[in-house]
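Chemist: Got a structure here, written out as structure tokens. Questions coming.
Values quoted throughout were computed directly from the atomic coordinates according to the rules given, and no laboratory measurement underlies them. Remember, it's a predicted structure, so these values are computed and weren't measured experimentally. Glycine also receives a Cβ, built like all others from the backbone with ideal geometry; neighbour counts cover every protein chain displayed.
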Amino acid sequence: MAIEGPLRELGIHDVFQLLDLSRKTGMLRVRSELRDDEGLVVFDSGRVVRATIRSKAMPTELALLQAGRVTEADIERARARQTHARSEREIVDLLVEIGAITQKEVERQLRMQLESVVFELMGWREGFFSFEERPRSEFPHDVRITVSTESLLMEGARRIDEWSRIDDVIPSLDVVPELAPMDGERDGAMLDLLPHEWQVLTMIDGARDLRQIAASLGRDQFEIAKIAYGLATTGVIVGRAAKPAAATPSLGVAADARIPAATARSLAGELAMARSVVEHLLRLSPSGPVAPDARDALDALSRLQRVLEAQAHG
């Protein structure tokens with residue numbers, strides 16, 4: 001049975017709910033002429049098992065590379081094994097086989113990609129949808145993960161509500177954040193940020209938008225947007241709607257940040273304190289569930305601290 005129609009008559013949220021309640025198995029296509037884009041969502045007994053958007057399609061191994069979870073050398077090793085064995089196995093499976101990444105981390109990345117697509121589609125208000133029932137054997141890819149459609153709908157509704165509260169400052173993921181110029185009153189002021197906020201701060205270079213920062217950190221896009229909102233409302237960063245034409249400055253600091261030496265010394269001291277907190281957490285639980293994120297935060301803090309120390313002495 002085919003289900004189709006314009007989104008102005010039946011919203012994407014209602015389409016997902018219908019497919020969930022009726023436990024449908026098949027493929028949902030959502031097309032938007034305004035965006036010149038198309039999304040594909042695969043359902044298995046009402047649960048979402050795959051979701052892609054044409055304009056943002058990216059192989060999982062490249063998403064893992066962009067997020068810093070694997071290296072180019074890891075991917076080359078996996079491709080070499082695939083060629084040598086004349087195997088049809090996917091690169092991501094071979095990355096797990098050679099020990100470059102765990103299966104759990106692959107599934108985490110797949111879920112993040114799926115959720116990102118679904119939440120973006122939920123924001124489409126125009127376009128046309130069509131659902132075609134198909135048996136699981138006709139799916140274009142193996143089913144690696146399954147996600148409750150009900151949980152996606154609940155989280156989508158929560159995000160829409162929260163986004164309405166921050167969109168006056170962060171209207172979309174296309175916002176390009178940059179460090180705010182410091183005035184005389186704030187020169188040398190102390191910043192009280194959490195490690196994950198420092199981690200985002202180190203990625204701000206005046207060129208990357210929030211979507212790119214989230215991908216580089218391997219973090220949820222909406223969470224990055226909320227962190228950016230907090231940094232913007234406290235005057236730490238400002239946002240632009242378009243990327244600058246100039247080349248990206250190195251070391252993750254905007255070229256026009258104009259941080260005074262006194263402020264740089266103060267921030268470097270704050271970073272040293274944040275580093276000590278993260279290092280203490282790692283000593284307490286070196287292999288705990290938050291250890292990978294803590295190590296990422298530690299690397300980011302070290303990078304920004306070196307830059308600030310250079311500015312303080314420059």
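Chemist: Using Cβ counts within 10 Å as a stand-in for footprinting exposure, how do 83, 234, 202, 60 rank, fewest first? Walk me through the intermediate numbers first.
Modeler: Details: 83 9, 234 13, 202 22, 60 17.
So the residues, fewest neighbours to most, are 83, 234, 60, 202.
Chemist: Expected output is a single nm value to one decimal: the length gained when fully extending between residue 126 and residue 165, i.e. 0.36 nm times separation in residues minus the C-alpha distance. What is it? Intermediate values should be presented prior to the final figure.
Modeler: Working: separation 39, 0.36 × 39 = 14.04 nm, distance 2.28 nm.
Contour length minus Cα-Cα distance gives 11.8 nm.
Chemist: Under the rule of at least 5 residues apart or a separate chain, name every residue whose amide H is placed under 5 Å from the amide H of residue 127.
Modeler: Residues meeting the criterion, in which the H sits 1.01 Å from N, are 7, 8.
Chemist: Counting Lys and Arg as +1 and Asp and Glu as -1, each charge on the Cβ, what is the dipole of region 1-163 about the Cα centre in debye, to the nearest 20? Each step should come with its number before you reach the end.
Modeler: Details: 25 positive and 30 negative charges, 66 e Å.
I would put it at about 320 debye.
Chemist: In square nanometres, what is the average projected area of the Cα convex hull of region 5-130? Each step should come with its number before you reach the end.
Modeler: Numbers: hull surface 34.7 nm².
So the Cα hull casts an average projection of 8.7 nm².
Chemist: Could you give the distance between the Cα centres of region 113-152 and region 157-178, to the whole Å?
Modeler: A separation of 23 Å, based on Cα centres.
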